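Reading through the structure tokens given below for one structure.
Here, each number is a calculation from the coordinates, and none is a lab measurement. None of these values were measured; they are calculated from a predicted model. Cβ coordinates were reconstructed from backbone atoms using ideal geometry, including for glycine residues, and neighbour counts include every protein chain displayed.
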């Protein structure tokens, strides 16, 4: 009654004694969630309006949902609200409408970007990380309300409407930050205008001193952002090193120049044939490292890092697949591309984008040129056949050549028309100058940013638990994360002791002895953290294993 009438700020958290609570194992993740900064949302967001559930309740529930693979509020209907409530010291968790209302109260504050900056700085300083992997991920849009530019989606090999998120991870794939593009930003522009300024701010306390020969930090990305002048400018002006693949490689180095060397890629030792030389690109000098494959293919890497060993440069860049695995895992396990809310926002109308009309004409011209080249190949084949045929077949081949030549001339006329049309149209256009029906807008970003942060925290927490059981669980790379998911979904007994300020959580037995052994060691490690459950004075004590 007090909550409904607005007289209660939020309900007190109080645990009862319960047996076999579904998903009770999720409390194993609480120390990791707290250490990753989940509850620091209260440092950024203001308290929610008076009601039964407070800000801490909501962010905890959202993190629990992510780790339990409950992908959206509607899926809470399949869970027993009282069971989840017991794990939070409440009589029940909010139902769908209430949870969406609480989410709206958080999102309307427009502080998701501040929360993300707060956490990224904390994570980078904790890890003292100076190597950052940057890549874009296209979130495909299938709706009708928004008008979005098309982007090439490599995993589907198609150009589809969508938005691009640019992510920054470490060498193991741990996420630090992300930036959601408005329209069709290139990776290079996102790096230069958004990511580099953010990283410079976040690495202030961990970057080497300016008078040393070490770069401030190093960024790694694929060929999409390739531009030698850009790389040189980053190092000369900002002391930021780059490691990336080289494009347009035409020469081959002598095979005898390559030397076998053993390097470590994502905790795996690999033997490679490596060679390093200096090369000049666009008037700028770079270090070039090449890897020789078993089939004598040479993979070229360039860098502006002045002191890093060539083998280490290769090791860092070949570890880039950890970021691709991060995207794949989030899509499969965390419903990463899910539409969070519906609605569109107006983009700055003075922003310039690629003119869709120009792009369409350019593609038409490109297809005509390709068609012309195929016909020229057919013409050459017909001419060669004519030479090899006897005199009786000559007339037939001459007629075929004439037909092909006529088609080539017709296509050339069309190509010339397209070239003339292109010369009369600007390749760029301001949004305000686009026709109203096809004018670009964007999807609302605030709720997507907030939920991305929750999923980042959940992923980092799950990774921390996964790393904790590695020494105690064989084949951890194969099914270690699956074992963590099983542990978090296990039932548990709750036994609060308010006199001694303890909340004892007894996790039920796992399916195999080795999983139970990993759980025992995990509980021992978690008990050493002496974590206090939020909004209480109860210390968590984990005790395996109830049978």
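Table for the structure above
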item	result
Helix 96-107 vs. the chain, principal-axis angle (Cα, 0 to 90°, nearest 10)	70
For segment 279-408, the spread of Cα positions along each principal axis, largest first, Å	69, 49, 39
In degrees, nearest ten, helix 228-238 long axis to first principal axis of the chain (Cα)	40
The chain: angle of helix 513-528 to the longest principal axis, Cα-based, in degrees nearest 10	70
Rh by Kirkwood over Cα pairs, then Stokes-Einstein D for segment 356-425 at 1.002 mPa s and 20 °C, µm²/s	159
√(5λ) per eigenvalue of the Cα gyration tensor, segment 1-107, largest first, Å	20, 17, 15
Overall form of the chain per C-alpha gyration tensor (a/c, 1.5; a/b vs b/c)	prolate
Sorted peptide list for 449-459, 105-115, criterion being average Cβ within 10 angstrom, highest first	449-459, 105-115
Gyration tensor verdict on segment 108-263 (Cα atoms; rounded if a/c is under 1.5, prolate if a/b is larger than b/c, oblate otherwise)	oblate
For segment 356-425: relative contact order, % (alpha-carbon pairs under 8 angstrom, 6 or more apart)	51
Volume per residue of the C-alpha convex hull in segment 459-522, rounded to whole Å³	98
Peptides ranked, highest mean first, by Cβ atoms within 10 Å: ranges 412-425, 529-542, 29-42, 91-104	29-42, 529-542, 91-104, 412-425
Ranked packing of 175-185, 200-210, most packed first, by mean Cβ within 10 Å	175-185, 200-210
